[in-house]
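Here's the structure we're looking at; comments come further down.
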Amino acid sequence: MNLILRLRIQFIAVFMAVMVVAAGIIGVGIWFRERSELEYQSMVYLLDIHNYGNIVPFSESRFAGYPPYFVIEIDNTTDTSEVVLGDFFLEQQGVTTDELIAHLAGMTEQSDVLKEYGVRYFNGVREEGRHRVSFIDVTYIDRDLARLPGRIALIALPVLAALAVAAFFLSKWFARPAVRAMSEQRDFISKISHELKTPLSIISANIDLIDGDRAPDGADFAFGCDNIRHECGRMTAMIEAMLWASRPAKTKPEELQDIDMSRLLEGEALRFEVLAFDRGLTMTTQSEPGLRLRGDETLLTRLVDIILDNAVKYCSPGGAITLSAAGRPGRHVRIVCSNTGEEIGREHLDKLFRPFYQADPTRKGAGLGLSIAKEIVNGMNGSIRVDYADGQNRFVLEL
């Protein structure tokens, strides 16, 4: 079973476990609420029956839909009792009114449930001469509560089944970052292997040239050494880029510095002007004086280098590069680096800042620069975006 499948199964299991627990809690809540309502209802019925002044015939009364009930009237003088309202249904169980009254003699509550008889009673105010005790059947409460879990299950099971289907599709969305991460990891291994294989093969071939069966002449020796030196430089640059990519981009607050961004931008632009001139490009720098920013100078220098290097690499022959910076409210700085060239396709924009991604695979390089730039900008809680206007690709940084 592959990792993604296990991850999806775990998501579905956890999701459904949470839903089942939630359904159980809701079901228990419904059960207690229903019991409370039924008990309250039975008490309302009982009080309604007890206060039976101006009563109408049973068949015509509003009591017709009530549970079975009866009212006993007790003569306090003779200690005799009789059923004055309703049907004494306990007689079917071999219980007499005297036995029931004798049982009530030990009860201190004015109203309670006699579980052994399945009734709720209300003992009226003891008046001189006579007083009433009313009873109502409450066995229907247990019957209704016993049926309630089945009714809840009839509703809950289809809902849980629908949630299980939803969880199946949600698991695909949930596993998408992992799928992308694994794909990027495979691409990383493939690309870095390819990038390292080429210089290693060249180094190996040049070693064979130098250390061959015949002694190399001076020209062969110098040629081989130059090639080895060049490929070692390529591998060193690649390893440095990977180290930069793995470095935390967020600097601790105590390590931040107050940086003169105008000076930093002008210094880095000056370094790249030589490279631009060699390639027949023109480069212009427009920076407000006195721009300051709190941050890590090493990271910011690396960020500007990446953006300028990218602009020089992808500028059209004989084209122009412009680097501008301006202050923003709240001690923020907006940097815009633009270069003439073909518009970056929309299909590349979302992937441009991924590690090892290159819109033009024929270009040299490991494809780590822009991903490092993105991490540095994110670490400063800033933003970086790319747009195209007036024949120029623009990298816009808000820092």
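The values are calculated or read from the model by the stated rules, or taken from the named source; none is laboratory data. Note that the structure is a prediction, hence the values are computed from the model and not measured. Don't worry about glycine lacking a Cβ; one is built from the backbone with ideal geometry, like all the others, and counts go over all protein chains shown.
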### Task
Could you list, in sequence order, all residues of the stretch 295-336 that are more than 38 Å from the chain's Cα centre (by Cα) and aliphatic (A, V, I, L, M)?
V312, A320, I321, L323
### Message
Looking at the stretch 223-246, can you tell me whether even one residue there is surrounded by fewer than 17 Cβ atoms within 10 Å (Cβ to Cβ), at pLDDT 65 or above, assigned by TED's automatic domain parsing to the domain that holds V304 and in contact with a helix residue (DSSP H, G or I) (Cβ under 8 Å, 6 or more places away or on another chain)?
### Response
no
### Pair list, Cβ < 6 Å and 6+ apart or interchain, from the stretch 26-41 residues that are within 19 Å of V159 (Cβ to Cβ) to residues that are surrounded by fewer than 12 Cβ atoms within 10 Å (Cβ to Cβ)
none
### Task
Could you run through the stretch 18-46 and say how many residues are at pLDDT 90 or above and closer than 16 Å to V119 by Cβ?
0
#### Entry: Residue list for the stretch 80-118, restricted to those being touching a Pro at 6+ places or on another chain (Cβ under 9 Å) and either surrounded by fewer than 16 Cβ atoms within 10 Å (Cβ to Cβ) or at pLDDT 85 or above (or both)
D87, F89
### Message
I want to confirm something. Restricting to the stretch 260-293 and keeping residues that are out of contact with any Leu (no Cβ under 6 Å at 6 or more places or on another chain), on the phi < 0 side of the Ramachandran plot and of a type in the set (G, A, S), which single residue is surrounded by the most Cβ atoms within 10 Å (Cβ to Cβ)?
### Response
A276
## Note on the structure
Within the stretch 27-44, restricting to residues that are exposed (fewer than 13 other Cβ atoms within 10 Å of the Cβ) and of a type in the set (A, V, I, L, M, F, W, C), the one that is nearest to the chain's Cα centre (by Cα) is V28
### Task
Output the number of residues of the stretch 85-112 satisfying the condition of being over 60 Å from the mean Cα position of the chain (by Cα) and either of a type in the set (D, E) or assigned to a strand (DSSP E or B) (or both).
6
### Query
Since T77 meets every condition but one in (1) modelled with pLDDT under 85; (2) surrounded by 12 or more Cβ atoms within 10 Å (Cβ to Cβ); (3) among the β-branched types (V, I, T), which condition does it not meet?
(2)
### Query
Residue check, G290 against (1) modelled with pLDDT under 85; (2) under 32 Å from the mean Cα position of the chain (by Cα), all met but one. Which one?
(2)
